[in-house]
């Protein structure tokens, strides 16, 4: 069964460093998403992406964050200058249709630890 | 701001019991809702998707219902098994926004 994959599974970085989290969505999906979950807290929406541009973003997704689909398969989340509070589990998801009409399939997540 | 709550926060039951997990939302202008399962340290697995025009969905031992007028959704698990132990999350998608997640119910099914 097709699945969303994410790399790395765990990333440790120093505060102020840039990190890039990578996702490979399911191949025929057109809509892509990033979520995060701070330890012990709710899953929070960050951004959705369709047709090579951001569809929606939350107030969490500030200028330090960016997303890109650099080729036909990868979908990346970049954090330009990490802060301690960026430590969280980051989940990528994809869907064939817009979220209202279709199930979102989630990857296993990348655990980001900022020291 | 939309809020999603889940009751109970944690639940421990003996194997074989039928159980109900509850989810409440404050704004009835929803597109759909999904119930997810999250295993410790893992991603989210979608269990059921209910469109706003539907009232319930069933998959195997799982049944989810949606009552927009009361702002509630329930997930019913029949004949629970130890393998059902996980955190169960409900998430609502609102018009013009993406998913708003509840805090989850941590379920333990004891053999």
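The values are calculated or read from the model by the stated rules, or taken from the named source; none is laboratory data. Since this is a predicted model, take the numbers as computed values, not measurements. Every residue, glycine among them, receives a Cβ derived from its backbone with ideal geometry; neighbour counts consider all protein chains shown.
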Completion exercise
Given (1) closer than 17 Å to residue B:39 by Cβ; (2) at pLDDT below 95, residue A:6 misses just (2)
Problem - Options A:28, A:74: the member that is within 26 Å of residue B:34 (Cα to Cα) and either at pLDDT below 90 or in contact with a helix residue (DSSP H, G or I) (Cβ under 6 Å, 6 or more places away or on another chain) (or both) - result: A:28
Exercise for the section: Test residue A:40 against the criterion of being within 12 Å of chain B (Cβ to nearest Cβ) and over 15 Å from the mean Cα position of the chain (by Cα), and give yes or no. Expected result: yes
Handout entry: Lone qualifier among B:7, B:77 - being crowded, with 19+ Cβ neighbours inside 10 Å and over 25 Å from residue A:98 (Cβ atoms)
Key = B:77
Fill in the blank from the handout: Flagged in the range A:77-98 as farther than 23 Å from residue B:38 by Cα, crowded, with 18+ Cβ neighbours inside 10 Å and under 14 Å from the mean Cα position of the chain (by Cα), in numbering order, are A:79
Exercise for the section: Considering every residue within the range A:52-75, establish whether at least one is in a loop (DSSP other than H, G, I, E, B) and touching a residue at least 60 places away in the same chain (Cβ under 8 Å). Expected result: no
Completion exercise
Picked from the range A:85-100 (must be at pLDDT 90 or above and within 13 Å of residue B:98 (Cα to Cα)), the residue nearest to the other protein chains (Cβ to nearest Cβ) is A:93
Handout entry: Selection count, the range A:7-24, where residues are within 13 Å of another protein chain (Cβ to nearest Cβ) and either in a loop (DSSP other than H, G, I, E, B) or under 23 Å from residue B:103 (Cβ atoms) (or both)
Key = 1
Practice task
At least 2 residues that are modelled with pLDDT of 90 or more and away from chain A (no Cβ under 11 Å) in each: list the strands (runs of 3 or more DSSP E) lying fully within the range B:8-52 that qualify.
Solution key: B:10-14, B:19-25
Problem - Unique residue being closer than 17 Å to residue B:100 by Cβ and in a loop (DSSP other than H, G, I, E, B) when the list is A:82, A:103 - result: A:103
